Amino acid sequence: MVDTAESVNKDMKVFVVDSQALAPRVSVRRDGPALFIIYLLLAVALLGVFIEAGFIWHLYSRSTTTSDFQILEYSKGEKSSFPRSSHDLNEVLPAKPPKAESKPAAFLQIASPVSGGNGVLHWRADSFPVFMRGLQYKNNSLYVQQDGYYYIFSKISHMENCSFFKHQVMQKTERYSSKAIELMQSSRFICVPSKSQWRGNSYLGGVFQLFKGDSVFVRVNNSSLVYGEVYENFFGAFMV
């Protein structure tokens, strides 16, 4: 046993590591000048990004404001600044609405006497505020000069004294052998004490297709019941 131990001890080799052969440990100083420079460069870079973003926003907002101002100027009639071409005009501005002068229209007020006895009412066509454009007034009727859809209206103020009152808007056209055709009607009957003065109002209005040469007029069953000032009794039409 002793010989064996001695043999093992002879065969074992001992290795000694020299501590000076290892690389020395380098300590990193976190508060050194190099780290300060890195932080400074990062701050400068972020500042540049914010400044560039501010310039872009300023240019965009200025461009939008200028365009809106130019469009406003153009809408007021200052065409010298905007748009630069017809292509720009079609893109920025909507289509121009048709001029009001191009559409026929008329407004008439009751005349005196109000009727010739046949129930067809007479109208004034030559004093303010009545007017005539694109229509012709003759024989107590409005004559159409242009095919189209027309809004026809009439308002009559009348007395109510236990009498039946009928208000009509009529049309004559060659398509129906120039016979009078009823377009609209309002009928009313109210009986009140004889000592009281009661007035009623009848208004008719509607859209109809009319052709060149057609005529429209207003008729009542009893013209003696028509009452009131000229502005309370009127008749007219306009193309829609």
- line: When (1) at pLDDT 95 or above; (2) more than 22 Å from GLY116 (Cα to Cα) are applied to LYS195, the one that fails is (1)
- request: Confirm whether GLN146 is surrounded by fewer than 17 Cβ atoms within 10 Å (Cβ to Cβ), in the same structural domain as SER223 (by TED's automatic domain parsing) and at pLDDT 95 or above.
  value: yes
- prompt: Can you tell me which residues in region 145-172 are assigned to a loop (DSSP other than H, G, I, E, B) and under 12 Å from SER223 (Cα atoms)?
  reply: none
- request: May I ask you to list the residues in region 140-161 that are over 12 Å from PHE238 (Cα atoms) and among the β-branched types (Val, Ile, Thr)?
  value: ILE156
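A quick yes/no check of all residues on (1) surrounded by fewer than 17 Cβ atoms within 10 Å (Cβ to Cβ); (2) under 24 Å from GLY213 (Cβ atoms); (3) at pLDDT 95 or above; (4) not assigned by TED's automatic domain parsing to the domain that holds GLU182:
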site	(1), (2), (3), (4)
TYR74	no, no, no, yes
GLU78	yes, no, no, yes
ASN118	yes, yes, no, no
SER127	yes, no, no, no
GLN136	yes, yes, yes, no
Residues located in region 205-240, provided they are assigned to a loop (DSSP other than H, G, I, E, B) and at negative phi: PHE211, LYS212, ASP214, ASN221, ASN222, TYR227, GLU229, ASN233, VAL240
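The values are calculated or read from the model by the stated rules, or taken from the named source; none is laboratory data. These numbers come from a predicted model, not from an experiment. Note that each Cβ is placed from the backbone with ideal geometry, even for glycine, and that neighbours are counted across all protein chains shown.
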